[in-house]
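Any read-out appearing in this document is the output of simple, stated calculations on the displayed coordinates, not a laboratory observation. Since we're looking at a predicted model, the values are computed, not measured. Positions of Cβ are generated from backbone atoms using ideal geometry, with glycine treated the same way; all protein chains shown enter the neighbour counts.
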Amino acid sequence: MSRTVVGILGTAIIAVYAIVSGRWVATDAEWYRSLPRPAWQPPSIVIGIIWPYNFAMLIVATWLVPSRLSSTHQLVWLMSLTLSVGAALTWARLFYGPHSLLASAFALVLATLFTLPLLVIAFRVSPALGIAFVPYQLWLAVATSLAFGYATQ
């Protein structure tokens, strides 16, 4: 698979992630604001900073990965990215649509797990890229714990 194809496909997946999740998250803001917050929820400013960083880092990684890895690793990258994004979008839909808090939390568990191969591949491409990827992986873990926090309150 060519670098350009992987970059374009990965960028498209991330664009869908950003646009669709943004729309779903904005659908029921009043309901979300009415929920009791888990004590460990970071301030809104952190959330406002981490998401643009995560999307930008994912796009950069998607263009760097194919230039330095085999076609097999490129395919694993795209499959893991697709599965992780699909699970994250499932969280957004379940959480903000039918308010299925527990089911949405399990969707984030899957998103976090599907992202692990991306982290490993990022470190194989470059230690700097791997380190840049760590905040995304950590954020998914924090978001997963928050989702369970919301579901159990």
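Just a few scattered comments:
- Taking the helices alone, the chain has a mean residue ellipticity at 222 nm of -30000 deg cm²/dmol, built from -39,500 (n - 2.57) per DSSP H run of at least 4 residues and averaged over all its residues.
- Here the peptides 101-112, 11-22, 37-48, 141-152 are ranked by packing, the mean other Cβ count within 10 Å, and the order with the highest first is 101-112, 141-152, 11-22, 37-48.
- Note on the range 3-152: with charges restricted to the Cβ of Lys and Arg (+1) and Asp and Glu (-1), its dipole about the Cα centre is near 220 debye.
- Charge dipole of the chain about the Cα centre (unit charges at C-beta), most positive-ward option of 63, 87, 36: 63
- Label selected from [x] 29, 15, 13; [y] 37, 17, 12; [z] 37, 27, 12, the criterion being semi-axes √(5λ) of the Cα gyration tensor in Å as computed here: [x]
- Report note on the peptides 118-127, 26-35: ranked by the mean count of other C-beta atoms within 10 Å, highest first, their order is 118-127, 26-35.
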